[in-house]
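Presented below is the structure to which this report refers.
Readers should treat all values here as calculations from the given coordinates under stated rules, not as data from a laboratory. The structure displayed is predicted, hence computed values, not measured ones. Here Cβ is always computed from backbone atoms with ideal geometry, including for glycine, and neighbour counts include all displayed protein chains.
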């Protein structure tokens with residue numbers, strides 16, 4: 001088996017494997033490999049298109065017959081107020097005759113060995129058990145809210161709304177709202193130009209509508225996309241940065257309620273709506289928590305150096321990572337005692353931290369001493385990002401040799417969310 005990055009003439013074959021694996025009709029299937037790649041280069045419609053050459057593939061020994069493929073997209077993502085490089089894994093596909101042959105495993109092992117400066121990696125799994133083999137663990141949660149509009153309050157807001165349509169020039173306002181959200185949540189990716197291409201489309205043709213809410217001073221406070229159907233509205237993007245932004249979007253939904261009984265919105269799991277929705281009985285509100293993807297730490301030492309710790313102290317952390325040897329070992333992290341200089345691996349802080357403090361950097365060094373806590377790379381990944389609190393009773397692979405309160409200065413729940421798909 002040969003595993004490597006794809007060559008230009010192999011891009012179309014990767015798309016064919018994905019169309020087969022995910023059972024969709026391939027676009028531009030009639031084009032030659034050269035013409036298809038030319039079109040993607042000249043008019044990229046997604047991050048996958050922009051980074052078409054970031055795909056790995058496994059071939060038979062002839063180095064010609066493609067068995068499997070996967071895309072590794074270099075996103076900018078948030079980690080504790082810093083912008084880091086995160087490998088978004090997508091398009092994992094094999095021809096049926098090569099499944100269970102180790103082709104995907106070989107692609108992952110090659111990608112993890114190369115690393116390319118990634119701090120984190122994220123993917124949406126077909127099987128969580130399968131991807132745990134490569135160091136991934138459960139990542140962010142979404143909360144899917146279904147609101148019965150007849151039971152919702154009708155907020156009296158002083159702002160206004162604008163429908164996004166060709167020529168409306170709302171892109172900068174949408175980006176301004178997104179940048180604040182991106183700065184708040186770990187794993188939230190920084191949306192690029194390709195994520196806003198839907199604004200080119202005519203909503204009166206696509207029946208997919210996007211609205212921006214502005215407060216009385218004209219400041220953009222939220223935006224949402226609305227897809228109506230069967231008397232309900234699905235709002236896959238419902239973005240706001242404070243209570244005023246939420247109420248502004250809800251007020252517009254209520255203006256649409258004459259023709260729609262319900263609206264479905266998707267929010268981070270730290271958003272508290274009890275203070276704005278008075279009636280929760282009679283089926284007015286239903287909530288479903290949805291697990292959205294898996295996360296992996298790609299650079300343990302770098303993440304410990306920039307992670308936000310609670311209080312002052314130190315902790316010796318032993319990590320075992322079978323795929324990335326540099327992550328294996330015992331790291332002593334000291335924090336809170338004095339301001340550290342930004343390590344060389346930090347690429348620059350995100351602007352607009354909301355209520356987050358300015359980042360402080362921790363001292364990190366490898367030691368041969370006995371650890372205070374021992375972690376698999378899977379548990380380290382989930383805990384350092386902040387997807388859960390440290391509770392040894394429910395984390396059987398975590399070995400704790402210090403008071404849980406000491407370890408909880410490093411490992412604790414933080415705001416996490418991701419809205420991009422790849």
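Going highest first, how would you order 94-105, 109-120, 177-188, 28-39 by mean Cβ packing within 10 Å?
177-188, 109-120, 94-105, 28-39
Given Cα pairs under 8 Å that are at least 6 residues apart, what percent is the relative contact order of the chain?
About 19 percent, as a whole number.
Can you give the % of DSSP beta bridges in segment 1-134 that are antiparallel, to the nearest 5?
85
What is the packing order of peptides 278-287, 220-229, taking the mean over residues of other C-beta atoms within 10 Å and listing the highest first?
By packing density, highest mean first, the sequence is 220-229, 278-287.
In what sequence, highest mean first, do 238-250, 162-174 appear when ranked by Cβ atoms within 10 angstrom?
Result, highest mean Cβ count within 10 Å first: 238-250, 162-174.
Let me understand segment 18-110 better: what is its radius of gyration from the alpha carbons, and its Dmax, in angstrom?
Cα radius of gyration and Dmax of segment 18-110 are 15.1, 47 Å respectively.
Tally the DSSP beta bridges in the chain and give the antiparallel ones as a percent, rounded to 5.
85
Rounded to two decimals, what is Rg over Rh for segment 177-295 when you use alpha-carbon atoms and the Kirkwood radius?
Taking Rh as the inverse mean 1/r over Cα pairs, Rg/Rh reads 0.95.
I'm checking a number: the convex hull volume of the Cα atoms of the chain, normalised per residue, in Å³. What is it?
172
With both bridge residues required to lie in segment 64-130, what share of the DSSP beta bridges run antiparallel, to the nearest 5%?
Looking only at bridges with both residues in segment 64-130, the antiparallel portion is about 75 percent.
For segment 18-59, what is the per residue volume of the convex hull drawn over the alpha-carbon atoms, in cubic angstrom?
Taking only Cα atoms, segment 18-59 has a hull volume of 102 Å³ per residue.
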